[in-house]
Each structure stands twice: as C-alpha cells, then as structure tokens.
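Undergrad: Shown below is the structure under consideration.
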Amino acid sequence: TGQGIVMLTPDGAASSIVVPGANAGWTAERAASLEELVCGASAVLLQREIPEEVNLAVARAACAAGVPVLQDVGGEDRPIDDELLREVAYVCPNETELERLTGMAIGSEAEILAAGRSLQSRGARNVLVTLGGDGSLLLEEGGRVVRQGALPIPGGRVVDATGA
C-alpha cells in the first residue's frame, strides 16, 4: 500500500512524496522469515520505503550467503546507517540523494567523487551515482571510476530523469 508520488516541474526537475502505508509495518523479525528466499537469490535490491532495520536484516542475511545487495537510496529521506553501508555491494544514490546523505556539495564531478568516496570511507564498497540525463559514475571498491554517459533517447530531449 506504499506510494511514491513524483512531481515534475516544466524543466524536468523532480521532487517526491513517500507515503509508506503498510511498508512501515515491516519488522526485522518479519524480514527474518524471508531468509531462505534471500539466500537463494542471485541478487537483492533494497529501497528506503521500508524501515531501515528491515533493510539491515535482509542485507545481513544476503551478505552472509554471498548474495550481492544493491541499496537504492531513493525513498524516505533519512540518514543511512554505516552498518548497512558495510553490508551492501552497491549503494545507488542520485545526485540529490548523495548530497543529502553526505552533507557535501555535488556541483561538479570532483565534488560528486568526493561525496561518493565519503560513503566509501563509511563502509560502502561500490557507489553508483546516477546523474539523470548525464549518465552515471561508478566508484569501485578498488578506486577505479567508471563513467557512463546517458544513452541516446528517441527525440533527443530528456523530459523526466526519474529513474534514469
């Protein structure tokens, strides 16, 4: 019953409202009942529209089983726990989320890289920053940076970068 409502301005900028609904009712104990499914998965994707304790419980189980965990940090605007960062293989913020999580400026590529590295200093192994119409930057655990430009789109005009 949770909902994420995205609102767009005429220039394509987005803001969102998260209404948690039943998602807020999840507990770490309830998440433990999913351990068999989690441990048998090829990968686990988490998001922040459920309580952090649930994400942490699922990430711990997956990590212990060698299942890679991807943490999309979209959803509820709240700090992210360092323990959770240590359990996930990839943490995936967009530029705005990266700025909120780190409190650092993200106006240039150098600032984005510094902010991403600050998440790595807190335990994140790989940080994938989505840049909307400009593609993405991946800061790998070993220090390598991979830049991926946005792919061409039909019509050549970005109207909404939500989910890009």
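Undergrad: Residues Ser33, Ser42, Ser118: which one is under 19 Å from Glu140 (Cα atoms) and either touching a residue at least 12 places away in the same chain (Cβ under 8 Å) or not aliphatic (A, V, I, L, M) (or both)?
TA: Among Ser33, Ser42, Ser118, only Ser118 is under 19 Å from Glu140 (Cα atoms) and either touching a residue at least 12 places away in the same chain (Cβ under 8 Å) or not aliphatic (A, V, I, L, M) (or both).
Undergrad: Another one. Cβ contacts < 7 Å: first residue over 12 Å from Asp134 (Cα atoms), restricted to region 146-157; second residue hydrophobic (A, V, I, L, M, F, W, C), any location; separation 6+ or different chain. Result?
TA: Between residues of region 146-157 that are over 12 Å from Asp134 (Cα atoms) and residues that are hydrophobic (A, V, I, L, M, F, W, C), the close pairs are Val146/Leu138.
Undergrad: Do you know which residues across region 13-45 are closer than 21 Å to Asn94 by Cα and touching a Gly at 6+ places or on another chain (Cβ under 8 Å)? Break it down stepwise before answering.
TA: As a first pass, look at region 13-45 and keep what is closer than 21 Å to Asn94 by Cα: 13-20, 43-45.
Result: Ser16, Ile17, Val18, Val19, Pro20.
Undergrad: Filter region 20-67 down to the residues that are at pLDDT 95 or above and touching a Ser or Thr at 6+ places or on another chain (Cβ under 8 Å) and list them by number.
TA: Result: Val67, single match.
Residue by residue, here is whether (1) out of contact with any strand residue (DSSP E or B) (no Cβ under 6 Å at 6 or more places or on another chain); (2) more than 22 Å from Cys63 (Cα to Cα); (3) at pLDDT below 95 holds:
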residue	(1), (2), (3)
Ser121	yes, no, no
Asn126	no, no, no
Leu137	no, yes, no
Leu151	yes, yes, yes
Pro154	yes, yes, yes
Val159	yes, yes, yes
Thr162	no, yes, yes
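The values are calculated or read from the model by the stated rules, or taken from the named source; none is laboratory data. Everything numeric here is computed off the predicted structure, so don't read it as measured data. A quick note on method: Cβ atoms are made from the backbone with ideal geometry, for glycine too, and the neighbour counts reach across all protein chains shown.
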